Each structure stands twice: as C-alpha cells, then as structure tokens.
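Q: Sharing a structure with you now.
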Number of protein chains: 2
Amino acid sequence: MSRSVSILGATGSVGRQTLDVIAQHASKFQIVALTAGSNVDMLIQQARAFKPKFVAIADEAAYPRLKEALADMPAIAVAGGAKAVVEAACLDTDITVAAIVGVAGLVPVMEAIKRGKTVAFANKETLVAAGNIMMDAVAKYGTTLLPIDSEHNAIFQVLHGHDLKGLRRIVLTASGGPFREWSTERMKKATPEQAVAHPTWSMGQKISVDSATLMNKALEVIEAHHLFALPSAKIDVVIHPQSVVHGMAEYADGSFLAQMGPADMRTPITVCLGWPERIDTSGARMDVMALSKLEFSAPDTVRFPALRLVRQVLADAGLASAILFNTANEVAVAAFLKRTIGFCDILDNIERMLNDSHKPAISTLEDILNFDAQIRETMSETIKNAA
Amino acid sequence: MSRSVSILGATGSVGRQTLDVIAQHASKFQIVALTAGSNVDMLIQQARAFKPKFVAIADEAAYPRLKEALADMPAIAVAGGAKAVVEAACLDTDITVAAIVGVAGLVPVMEAIKRGKTVAFANKETLVAAGNIMMDAVAKYGTTLLPIDSEHNAIFQVLHGHDLKGLRRIVLTASGGPFREWSTERMKKATPEQAVAHPTWSMGQKISVDSATLMNKALEVIEAHHLFALPSAKIDVVIHPQSVVHGMAEYADGSFLAQMGPADMRTPITVCLGWPERIDTSGARMDVMALSKLEFSAPDTVRFPALRLVRQVLADAGLASAILFNTANEVAVAAFLKRTIGFCDILDNIERMLNDSHKPAISTLEDILNFDAQIRETMSETIKNAA
C-alpha cells in the first residue's frame, strides 16, 4: 500500500494526530499538501518534517513568515489566503483529510469531493450545513466519504457489509460532557474553563464546549442523518460516560453490532487512512477488561436542550434550519468563550433564533454562505444587545 | 425472499427455536425435511404443524408410531433409522439447519455440505472432530457455512466485510458457567443438578455440563480455529457472566467490533435464516441500558483446565487430539450425569486420555468414526475400572 495524502487543517487536533499516525507508516504514505488557518509555526514544523509538495496558510498575514521559513526547501511550494487552501484541496491525492473546523471548510471540502477519490472527513459543521448538497456531490463524483469522527466512524464500521434494509436503528454514544451531572442552576454559572475540561476526549476549545452543551451530539445526529441516509427516528443517542463504545447498530434480527476502542482519535484516523485495509495504529490499545462496569443511560433533554432541538431541525425538510442551528452555535460558543454570555445562554439563543428566523430555500454553496453570514450578523447583534 | 429449509435435529433446543422463528415468517420459509433422534411425539407435532415433505426418526423402534401418526397426511413421506436421517440431509433445500448433538451429526452434515447450498451449523462436535475435512468440503462445494452458535455467529458478523489480514485476534466470551466462583474443592462435590443450572442460557443437559466445565468454550476455540482459519494465538477467551457481548474482533487499527444481544438463541438462528438479509426475530430484544455494569475477566485455567488443554490440542497438527478431546468428553459427561464419576473427574479423565493415547493419522470420515469408537471404548473401560 502506498497512498498520497493531503491534510486540510493540518495544525488542528485531528490534523496533528493524522500526521502522528502517518509518521509511523513512513513507507505507506506521502504527503501532498498541508494547510493551516493561522498556526504558522506548527505548519512550518510539519512541512519540514513531512516534505509535502504544497503548503498553504489561510491567514495571508502569516504567509511571508511561512515563505521565508521554507525558503531553503525549494521543492515545497508555498501559498497564502483562503484561495490557497482551496488550491491545496484541488491537488490530486488518494486521500484528503478534511479537518478544517467550522464552515470555513465548506468550499475546500467540496473541491476535494469533486476529485472523486477518498475524503476522510472530520469537519461535521460542513456536512451539517451542506447536507444533501454535499452527499449529492459524493454520489455524482463517486467519492468515498469516510467519517473520522469517532462516533460516525464506529457506525460506518458496524454498517459496512450488512443489510441496511434490515437496520432498526443506530445508536450514537455521548460522554455527557463535564456537566453530565450538573443541575441547570449550576450550569448557568459554568465558566469556559469548566466547559472545556472534557472528561474523556482531548479536543479543541469549540468542540469541547459543544460536548458540554451536547450540541456536539446534536450536530452528530444531523451528520449521521446525511452520511447514512437515515431518518431522525432511526438515530438514537445514549449517554455513556466512559467513551469506550463509540457507536452501535441494531438489526431486525436482534443483533447489536458495536465498535469500541480507546478514547483516542488516532484509532478512527487510522481506520480511514488504511481503509479498507486495517493497518497498525500509533494510538492507544484497549484492554478487554476496560469493558467492565461501563454505564449507559438515556440523555436528559431538559438540561441539554440541544438533543430536543435537533429533532425539530431534522423535521424541517430544507437545509436552512440545520445551517442556522450550526452557525448560531458557532457564534454563541465564541461569545461564551469571551464571557459575553453564560453557558445556558448558548442554547437559549439558538432556540430563539431557530423559532424566530425566516428559513430561506438553500440549494447552492452560495446560498449556504449567504445564509451563514446573515445568521452570524443577526446572532452577533442579538448577543451584543443582550449583553 | 422465499427459502426452503431442512432441520436435522428438529426436536432439540436449536431445532425447536428454529421452528419458532420460522413460524413467525410463514410466507418466507417452507420446510422440506425434519429429523429427530428419538423424540417421536414432538416430531409428529412439528410435522403436523409445518407440513414438511419428509420426516425421519433415527430411532428405528419409534418409526412405526411416527408412520401411524402421520398416516392421514399422505403428502409427508416418513422414514426411520440413521440412513433415513442421511436421506433427509440429501434432499435439495436452500438452507440446512444442522442441529444434531454430538458425532451422530457427522455423516448427515457432510451430505448437506456436499449440496453446495447454505448450512446453518449448530453442531460444534462435528466441526471439532472433522475440522479441515469438513472445511475442505465447504471450500470444494462452495457451501456457505453459517455458525448458529451465538459466539461464532457473533464473530462471523464482526468479521464479515472487514480485512482479515488486519485482524489482531478474536475474543470469545464465556459466561463462566454455574461454578464460575466455586473453589476446586467445592466443584469436586458438584451434582448433575447443580451443573445443568446454567446462569444465562437455556440449553440441553450435555451442553450445560460443558458450560460448567468450560469444555464448551474449549470446543468453541477449536470450532473458531476451523471456521475462521485462525491460529490458536489469535483466539482469546474472556469470562463475561452476563452473556450480553457474544464475541469480539480486534483489528490492527485499535478498533474492536462486538456483537451483542439478548441471551436468546433465536437471534443467531434468525441471522442464519435471513442471511445476508436481516429479518425480524421472534426472540427477545435487548435494551441498550442492559450494557451497563457488564463484567469481563480473564479465565482461570487452573480451576477450569479445559481452557489449558485446548491449547495443547490445537498445538497438535492432526485431528486425532481434537477427536479424542471431544469424544472423551462426551463419555465422561454421560458418566457424570449418571453419577458414576465426579465433576472434576470429567477433565481429569480427558487429560489422562489426551496424554496417554496413541494419536493415529485421520484423513477420512471413516477414520474419524473408527477413532471415535475406539476412544468411547477405552474411556468407558477406564471409567468403569475407576468406579
């Protein structure tokens, strides 16, 4: 096996762990392109270590520094700006790892999908926003879309090779986040520091807050709806604080198939890089005895309204509600991290936006980006006024 | 879907539960043949309910009663004797359910395999004894062999569609049986009544004793070795008293895939009857919350020597050790059930036979049956002398 790989979002958590796995398999993978948002120092370091053909930094201000630092490596082409990231996504590779956080990943990911190869996908916001537009492109170009997200990667594995007509439901597991046992009153006073202290997974700030609100799981329900073409009623969520069982499928005959493993993103990343072969991971190994004393319980949709609101979002036929749900969350989380709003205000604001906003028809990427910009503005305004 | 089914061993536990599942899917399945050992009353009842083309009873003495009871149903052909059971196995069907207990199933199962259709397989003793002779026939005739045994059915499901070169190991779960926490001293005095009181599965007497000695799990290790072409080192056993997780596969990338479900044989039976489609079961449903507080621990090979001896059996290249292991166990269990020997004498006798016996080369069914007969005689003699 010898595969070329581009990583869009190489300096984030998933990007770094992807390179960690690839470093263990030097003979199997060649890096074509690496892109980053603004972390130029790490991108320079990665470029020197992995010698890609192309590196791009979205932040144009950081471009001169990148150019200079790699001046002694003329085999590496260097570029800056959002267009450079799209350019990186257009380069021919066997696998594109799409790990840009947020809606910023939308255009590059769509370009990667159009090449019809394999896209390993860690950018759930993009799929939530683009939904069937993205899945239609995947079908049209014959792209293999592999989910990196541990829950969807688990579901992908337990559906693969089995009769989907006989699938009763899938079950996504949720750790429950750091506030799993907190009262609403206590959550109202939660600080950003408390919210980002995730009990089982080591992740970025935004996704850690999403885990605390269970918004992360709500977005994953939408993601699963598109990825596996399942109606809302066939997607269940269960609280499982140990994050050992990542996902399950229940079939008509009573069989549950589950994927389990350490809470280590390198496992699903390795699955995607090797697929359909199974290759060694640089990540942790699970001891079977770790399966002892696991806990599973029903989620509380009163304390965690995200899991109630997502059903409302999926009941809407168009993409507008999902875009609104996702973008309003991005703005609200940013405001919470800046201490402008409280923890419970995140979902309160999202719910208000969801109920009060006009939902336009969405059929192109441009529609998505325009509606996204509009929500950002309205939501920022609302938050500013409330503060 | 419309499939014809024959059941060899229709009146045993697996046979009855197979008919229970089929009764729920009257439009999907037609019964071709039903066979029984000696339970003529139940066979008559089944024949009247399911209207097969052919019924056979192995016990010739029971044949007149069977013939008479079905005299008013001329569309059902009736026969008696071991040859009649083989005749039933030779009739053309889409699926043969091979559920005869013990080495008695060997010849009929091999006939069913030769027809090159699907054989759903619940007769582990046969596979243990015939090993590669059976698997060679499966390959030669292009037969689909589906394991009904819940553990192997689980492993079959978690390997299906995945890269077997990247399989690290499989893990068979064992309930640990009723004596899981008993000391050797206490086990020495265990009665047949205590041994057959299985904590999670409802099964026949012989297999219940095998669960108490963990001989059942040892035979399953040999079965897995043949079914999945895996070396002993890639087959692990873990004690899991709740019998919810039936089997697991660990892949190179750190993923564990597990099959889980209620301790209800109708689940794996339904999997086999529907495969590769998933059809509704008449069996129990599992609640995800049932996964809470499961226990897993390493087996104790001192108190349960079967799991130590099976490694010795698999280290021998030929089939003789496996035949000996299995047949000596059948004789010893029968002696224990008649209170001729104690519970711990079962394994003591097997170990002695395993160490002291000459192991002839085995290459035909006749070799198997001859060696089986020889072990039965020696073992019976040994037990009689010791008593």
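Q: Return the long-range amide H neighbours of A:HIS246 (sequence gap of 5 or more, or a different chain), with a cut-off of under 5 Å between placed amide H atoms.
A: Excluding prolines and chain starts, which carry no amide H, the hits are A:GLN259, A:MET260, A:GLY261.
Q: Axis carrying A onto B: which residue of A has the nearest Cβ, and how far, whole Å?
A: A:GLY161, 1
Q: Order A:GLU68, A:GLU351, B:GLU223, most accessible first, counting only protein heavy atoms with a 1.4 angstrom probe.
A: Per-residue accessible area, sorted high to low, gives A:GLU68, A:GLU351, B:GLU223.
Q: Follow-up. Once the Cα atoms of the stretch A:21-80 are picked out, what are the Rg and Dmax in Å?
A: Calculated on Cα positions, Rg and Dmax stand at 11.2, 35 Å.
Q: Let me ask something else. With every protein chain kept in the model, how would you rank B:ARG48, A:ARG169 by accessible area, 1.4 Å probe, largest at the top?
A: B:ARG48, A:ARG169
Q: Heavy-atom accessible area of B:LYS188 with all protein chains present, probe 1.4 Å, nearest 10 Å²?
A: The value for B:LYS188 is about 110 Å².
Q: Could you tell me which helices of chain A pass both thresholds, a Cα extent of 24 Å or more along their own axis and a mean Kyte-Doolittle hydropathy of at least -1.0, with helices taken as whole DSSP H runs?
A: Sorted by number, the helices that extend far enough and score high enough are A:320-337, A:365-386.
Q: Something else: Give me the compactness ratio for chain B, meaning the Cα radius of gyration over 2.2 N^0.38 Å.
A: Normalised Rg, Cα atoms only: 0.96.
Q: Suppose you put the label 7 Å out from Cα in the Cβ direction; list, shortest first and in nm with one decimal, how far A:MET73 is from each other copy's label.
A: Those separations, rounded to one decimal, come out as 7.8 nm.
Q: How far is B:THR364 from the same spot in each other copy, in nm, shortest first, if each label point sits 7 Å from Cα toward Cβ?
A: With the label placed 7 Å along Cα→Cβ, B:THR364 yields 7.9 nm.
Q: Now for a separate question. With springs connecting C-alpha atoms under 10 Å apart, model chain B as a Gaussian network and identify which of B:LEU354, B:LEU324, B:LEU146 has the largest mean-square fluctuation.
A: Its mean-square fluctuation being the largest, the pick is B:LEU354.
Q: Give, rounded to the nearest 20 debye, the magnitude of the charge dipole that the stretch B:1-106 has about its Cα centre when Lys and Arg contribute +1 at Cβ and Asp and Glu contribute -1 at Cβ.
A: It works out to roughly 200 debye.
Q: Quick one: among B:ASN349, B:ASN326, B:ASN123, which has the greatest mean-square fluctuation in a GNM of chain B with alpha-carbon springs under 10 angstrom?
A: Looking only at B:ASN349, B:ASN326, B:ASN123, the largest GNM fluctuation is found for B:ASN349.
Q: Compute the normalised compactness of the protein assembly as shown: alpha-carbon radius of gyration over 2.2 N^0.38 Å, N being the residue count.
A: 1.10
Q: Label-to-label distances across copies for B:SER297, with labels 7 Å out along Cα→Cβ, in nm, shortest first?
A: 2.6
Q: Separate question: Aspartates and glutamates near B:LYS206 by alpha-carbon distance under 16 Å, same-chain residues fewer than 8 away left out - which ones?
A: Within the straight-line cut-off, B:LYS206 pairs with B:GLU125, B:ASP149, B:GLU193, B:GLU220, B:GLU330, B:ASP345.
Q: Quick one: among A:GLY15, A:GLY166, A:GLY261, which has the greatest mean-square fluctuation in a GNM of chain A with alpha-carbon springs under 10 angstrom?
A: Most flexible of the set in this elastic network: A:GLY166.
Q: Another question about this same structure. Would you compute, for the Cα atoms of the stretch B:3-148, the largest minus smallest coordinate along each principal axis and list the three values in descending order, in whole Å?
A: Ordered largest first, the stretch B:3-148 gives principal extents of 44, 34, 23 Å.
Q: How would the stretch B:255-303 be classified by its alpha-carbon gyration tensor: rounded, prolate or oblate, with rounded meaning a/c under 1.5 and the a/b versus b/c comparison settling the rest?
A: Judged from the Cα gyration tensor, the stretch B:255-303 comes out prolate (a/c at least 1.5, a/b above b/c).
Q: When you look at the Cβ of every residue in B:236-245, what mean number of other chain Cβ atoms sits within 10 Å?
A: 1
Q: What is the magnitude of the charge dipole of the protein assembly as shown about its Cα centre, with +1 placed on the Cβ of each Lys and Arg, -1 on the Cβ of each Asp and Glu, and no other charges, expressed in debye to the nearest 20?
A: Roughly 60 debye, rounded to the nearest 20.
Q: For chain B, give the share of DSSP beta bridges that are antiparallel, in percent and rounded to the nearest 5; count only bridges with both residues there.
A: Of all bridge pairs located within chain B, approximately 25 percent are antiparallel.
Q: Additional query: Dipole size in debye (nearest 20) for chain B around its Cα centre, Lys and Arg Cβ +1, Asp and Glu Cβ -1?
A: Result for chain B is approximately 340 debye, rounded to the nearest 20.
Q: How big is the accessible area of B:ARG352 in square angstrom, nearest 10, if you roll a 1.4 angstrom probe over the protein chains?
A: The accessible area comes out at roughly 120 Å².
Q: Additional query: Using +1 at the Cβ of each Lys and Arg and -1 at the Cβ of each Asp and Glu in chain A, identify which of A:VAL21, A:GLY105, A:LEU159 lies farthest towards the dipole's positive end.
A: Among A:VAL21, A:GLY105, A:LEU159, the one farthest towards the positive end of the dipole of chain A is A:VAL21.
The values are calculated or read from the model by the stated rules, or taken from the named source; none is laboratory data. No experiment lies behind these values; they were computed from the predicted model shown. We place every Cβ from the backbone using ideal geometry, glycine too, and count neighbours over all the protein chains shown. SASA here: full protein model, heavy atoms, side chains in, ligands and nucleic acids out. Shrake-Rupley method; radii C 1.70, N 1.55, O 1.52, S 1.80 Å.
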